[in-house]
Amino acid sequence: MKTINTTEITSATELYAVIGSPIKHSRSPEIHNPLYDEMGLDRCYLAFHIKPEDLAATIPFLRTNLKGFNITIPHKEAIIPFLDELEPRAAVCGAVNTVKIEDGKLKGYNTDGYGFVMGFTEAGIDVRGKKTLILGTGGASRVVAYELLALGCEVTLTNRTYEKAVKVQSVLQAAFPDRTVRVVLTDDIKPEYELIVNTTSVGMSPGEDVSPIGEDIIAGASILYDIVYTPPETAFLRIGKACGCQTVNGASMLFYQGIRSQEIWMDMPISEELRAPVYRKYQGKKE
Ligand code: ATR
C-alpha cells in the first residue's frame, strides 16, 4: 500500500528527494522539509523507493523533474556511471550521496565526510594528527579515512575480509601519496590507537550487544566514534565510556551530511540560526 502525504505542490515547487532501497525509515525528509519551511521556500523533499534493477530507468525522470537528490544504500556507487560530473572527493571515496541537477546535467558529490567531521566539531574534539584505527573497509570507511587523512591523522585500516582492506589502502594511498596508510589483521590489533572509528554494521539494531573489538583494545583509546546511530549508544561506545573515552555516535553525521547537500543545492551556506530549530526537532525525534 502506498501512503501519500498531502502537500501543496504546484508547477513552481522545486522537487528534491532521497532515493534508496529500503527507504521507508529514511530520516532525510525530517531534515530538508523543515529547513524549507524555516526559509519559506516553495520546495518539497520526497523519498523514492528505487530498487537496484530500476535505477537506470529512473534516471531520466529524476533528471527532468528534480533539482537535486540524495542517494542512500544500495545506490551510492551504482549512480556514478549516470553522472555527467563527479567531484574528486566522491571519486576517491567511490560513493556519491548528493546529486545536483543543473541544465539537465547531473553532478555528484559526497557530503558524508563533512557530516562525519561535524560530529567531532560538535563534541569539541580536535582529531588533527591522531593515531587512528578504522574498523571496516566498506563504502563508509573510505569517506571516513579520506577526512581523517586530510586532517593529518595517521590511519590504519582493519577489516574482517583482509583483501578488501588492502584494496581500500591502495586507493587512499594513491589519493594521499605523501602519507602512509597501514593495514592490520583484526587478530593483530594492539591497544595503540588514540582514536578508533567503527564503520562496520556490527552493533546496529538488532545486534546491539556486539562490539566489533574487545575492551582490551578499546581501553587503549581516548576517543571512539561509531557511525551507527541506531542504537544511539552501541556496545562499542558503551565499553568505551566505561573505559573513560570520549564518544561520538552517527546521529550528527546524518544531520550534517543533509545540511551540506542543501548548501550544495542552494549554492550558499546555511546559517546556524536557520539550522538550529531544525536540529532540535530532529534530535527530539531520535530513537
Ligand atoms: P557501508 O557502505 O555502510 O560501509 P558496506 O560497504 O556493506 O557498508 O561495508 C560494511 C563493512 O562492515 C565491511 O567492512 C564489512 O566487512 P567485510 O568487508 O568483511 O564484509 C563489515 N562487517 C559487516 N558485518 C560484519 C561482522 N559481522 N563482523 C565484522 N565486520 C563486519
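Charged neighbours of Glu263, selected by a Cβ distance under 11 Å, balance to +2 (K, R count +1; D, E count -1).
Here the Gaussian network model covers the chain, with springs between Cα atoms less than 10 Å apart; of Lys76, Lys107, Lys51, Lys51 fluctuates the most. Computed over protein heavy atoms with a 1.4 Å probe, the carbon and sulfur contribution to the accessible area of the stretch 164-273 reaches 51%. Working ranking of peptides 263-270, 250-257, 32-39, 226-233 by packing, defined as the average number of other Cβ atoms within 10 Å per residue, highest first, is 250-257, 226-233, 32-39, 263-270.
Apply the a/c threshold of 1.5 to the C-alpha gyration tensor of the stretch 157-263 and tell me whether it is rounded, prolate or oblate. Each step should come with its number before you reach the end.
On the way: a/c = 1.66, a/b = 1.10, b/c = 1.51.
In terms of gyration-tensor shape, oblate.
Below 8 Å, C-alpha to C-alpha, sequence gap of six or more: please give me the relative contact order for the stretch 63-149 in percent.
Rounded, it is 27 percent for the stretch 63-149.
Taking the highest mean first, how do the peptides 14-21, 276-283 order by number of other beta carbon atoms within 10 angstrom per residue?
On the way: 14-21: 20.8, 276-283: 14.8.
For the peptides 14-21, 276-283, the packing ranking is 14-21, 276-283.
Overall, the accessible surface of the stretch 1-93 at a probe of 1.4 angstrom is composed of carbon and sulfur to the extent of 53 percent.
Measure nothing fancy, just the Cα-based angle from helix 251-266's long axis to the longest principal axis of the chain, in degrees from 0 to 90, nearest 10. So the helix axis and the longest Cα principal axis differ by about 40 degrees.
With the alpha-carbon atoms of the chain aligned to their principal axes, the span from lowest to highest coordinate is 59, 38, 38 Å, starting with the largest. Summing charges over all other residues whose Cβ lies under 12 Å from the Cβ of Leu41, with Lys and Arg as +1 and Asp and Glu as -1, gives -2. Extending 7 Å from Cα along the Cβ direction at Lys190 and again at Ile73 yields two label points whose distance is 3.4 nm.
Helix-only mean residue ellipticity at 222 nm, the chain, DSSP H runs n ≥ 4 weighted -39,500 (n - 2.57), per residue, nearest 500. What is it? Don't skip to the end; give the middle numbers.
Values: 10 runs with 108 residues, N = 287.
Mean residue ellipticity, 222 nm, calculated: -11500 deg cm²/dmol.
If you take the Cα centroid of the stretch 75-120 and the Cα centroid of the stretch 226-287, the two points sit 19 Å apart.
Tell me, what is the percent relative contact order of the chain, built from C-alpha pairs under 8 Å that lie six or more residues apart?
Numbers: 518 pairs, mean separation 45.6, N = 287.
RCO, the chain: 16 percent.
Projecting label points 7 angstrom from Cα along Cα→Cβ for Ile270 and Thr13 puts them 1.9 nm apart. Taking every DSSP bridge with both residues inside the chain, close to 20 percent are antiparallel.
Counted by Cβ distance under 11 Å from Leu149, the other residues give a net charge of -1, where Lys and Arg count +1 and Asp and Glu count -1.
For the chain, the longest principal axis of the Cα atoms and the long axis of helix 139-150 meet at an angle of about 70 degrees. In straight-distance terms, cross-link reach from Lys51 covers every one of the aspartates and glutamates whose alpha-carbon lies under 16 Å from its own, apart from those fewer than eight places away in the same chain; here that gives Glu77.
The values are calculated or read from the model by the stated rules, or taken from the named source; none is laboratory data. Because the structure is predicted, anything quoted here is derived from the model rather than measured. Please note: Cβ atoms are built from the backbone with ideal geometry, for glycine as well, and neighbour counts cover all protein chains shown. Quick note on the areas: whole protein, heavy atoms, side chains included, nothing else; ligands and nucleic acids left out. Shrake-Rupley method; radii C 1.70, N 1.55, O 1.52, S 1.80 Å.
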